[in-house]
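Peer 1: I have a structure I would like to understand better, so I am pasting it below and will then ask my questions one at a time.
The values are calculated or read from the model by the stated rules, or taken from the named source; none is laboratory data. Values in this document were obtained by computation on a predicted structure and should not be read as measured data. Methodologically, a virtual Cβ is constructed for each residue, glycine included, from the backbone with ideal geometry; neighbour enumeration extends over all protein chains shown. The accessibility values were calculated without ligands, DNA or RNA, using every heavy atom of the protein model including side chains. Shrake-Rupley method; radii C 1.70, N 1.55, O 1.52, S 1.80 Å.
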Amino acid sequence: MAGFALERFDLDRFVRDTLAEDLGDHGDITSAAVIPEDARFEGVMDSRDAIVVAGLPVAEAFFRALDPQVEIERLVEDGSRVAAGTELLRIRGNARAMLTAERSALNTLQHLSGIATLTRSYVDAIAGTGATLLDTRKTIPGLRVLEKYATRMGGATNHRMRLDDAAMIKDNHVAVAGGVAKAVRRAVDVGIERIIVEVDRIDQIEPAIGAGATHLLLDNMDAATLREAVTLVNGRVPTEASGGVTIETIRAKAESGVTYISVGRITQSAPAADIGLDFSAV
């Protein structure tokens, strides 16, 4: 769809595959039986709760795929924070096509808006601290690009889209390699430039930096330990608080002086936004 392009994401293919999953072998037998072929509907999609919107262009693409002549008026833009009762889209087109596309369009919009809404609550919680909220790779397989788009709409920054974006040396890598410094040096030796190292103890910091770490992930540390870690690092590399971060604990962790805070919950546990679509015959 013109005006909506995400790297490594094929919108046409996503819409085609999603509709194929929903249509099955015989299509929307209910609409075909009950709705006259030439009937036309108009509808309004609205938010039932206060949300941050994400995914409207994707939702629109479902309707356009089944009715290329559908008329769509977008009333807000992705990334907008809207109140309950806000109208998001007005649509008018072939009734059968609109009913058939409805569930795929709503499911996608509700899921992505739910992620954006939860993300914005975490962003708001750390406002003014100087810390940046990062997302993670805790995404539904096949939906990573869309879900990370939704976190951006909520105000987060994308972090490691794929395994080849940067080395991420975690505790299991360290255990097999025989220590933090050994693991980091092996990554340096093969020419990897971005080397993120997970440390869960203060005494791992100096070996990691000394071996060539370019980013420290401070895992499952409380706010006091994070402050100690940040002081020890002293700006030599960016620091990232991670692990078990909740909406209740994120502010204190952000105030420790870390550069980033990563939160898996914003994609892993976001509830769907309550968005409805009401049709009427034209």
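Peer 1: How high is the relative contact order of segment 182-271? Use alpha-carbon pairs under 8 Å, at least six apart in sequence, and give a whole percent.
Peer 2: Reported relative contact order: 23 percent.
Peer 1: Here is a follow-up. Place +1 on the Cβ of every Lys and Arg and -1 on the Cβ of every Asp and Glu in the chain, take the dipole about the Cα centre, and give the residue among Gly244, Leu75, Ser280 whose Cα lies farthest towards its positive end.
Peer 2: Gly244
Peer 1: Additional query: Could you order peptides 104-117, 126-139 by the average number of other Cβ atoms within 10 Å of their residues, highest first?
Peer 2: Most protected by this proxy first, the peptides run 104-117, 126-139.
Peer 1: Give, rounded to the nearest 20 debye, the magnitude of the charge dipole that segment 17-83 has about its Cα centre when Lys and Arg contribute +1 at Cβ and Asp and Glu contribute -1 at Cβ.
Peer 2: Roughly 280 debye for segment 17-83.
Peer 1: Please state the charge dipole magnitude for the chain, taken about the Cα centre, from unit charges on C-beta atoms (+1 on K and R, -1 on D and E), reported in debye and rounded to the nearest 20.
Peer 2: 880 debye
Peer 1: Here is a follow-up. Could you derive backbone 3J(HN,Hα) for segment 33-40 from the dihedral phi with the Karplus parameters 6.51, -1.76 and 1.60 (θ = phi - 60°), listing whole Hz in sequence and x where the residue is Gly or Pro?
Peer 2: 7, 9, 9, x, 4, 9, 5, 10
Peer 1: Is the shape of segment 131-282 best called rounded, prolate or oblate, per the rule: a/c under 1.5 gives rounded, else a/b larger than b/c gives prolate, else oblate, with a ≥ b ≥ c the square roots of the Cα gyration tensor eigenvalues?
Peer 2: Because a/c hits 1.5 or more and a/b exceeds b/c, segment 131-282 counts as prolate.
Peer 1: Additional query: Within straight cross-link reach of Lys148, meaning Cα distance under 12 Å, which aspartates and glutamates are found once same-chain residues fewer than 8 apart are removed?
Peer 2: Glu7, Asp135
Peer 1: Could you look at the chain and say what percent of its accessible area is carbon and sulfur, using a 1.4 Å probe and all protein chains? Can you show the working numbers first?
Peer 2: Details: 6530 of 13510 Å².
The value for the chain is 48 percent carbon and sulfur by accessible area.
Peer 1: In a Gaussian network model over the chain where Cα atoms closer than 10 Å are linked, find which of Asp78, Asp171, Asp203 has the largest mean-square fluctuation.
Peer 2: Maximum among the listed residues: Asp203.
Peer 1: If I compute Kirkwood radius over Cα pairs in Å from the structure I just sent, which labelled value in (1) 20.9; (2) 18.6; (3) 20.4 lines up?
Peer 2: (1)
Peer 1: Considering only the chain, what is the antiparallel percent among its DSSP beta bridges, to the nearest 5? Provide the component values of the computation, followed by the final result.
Peer 2: Numbers: 21 of 38 bridges.
So the antiparallel bridges amount to about 55 percent of the total.
Peer 1: Between Ile275 and residues 5 or more places away or on another chain, which pairs have amide H atoms under 5 Å apart, with H built 1.01 Å from N, and which residues are they?
Peer 2: Arg48
Peer 1: Let me know the charge dipole size of segment 37-156 about its Cα centre in debye, to the nearest 20, where only the beta-carbon of Lys, Arg (+1) and Asp, Glu (-1) is charged.
Peer 2: Numbers: 15 positive and 16 negative charges, 102 e Å.
Its charge dipole is roughly 480 debye.
Peer 1: Also, quick follow-up: Which whole-number percent gives the relative contact order of the chain, counting Cα pairs below 8 Å spaced six or more residues apart?
Peer 2: Numbers: 544 pairs, mean separation 63.2, N = 282.
In percent, rounded to a whole number, it is 22.
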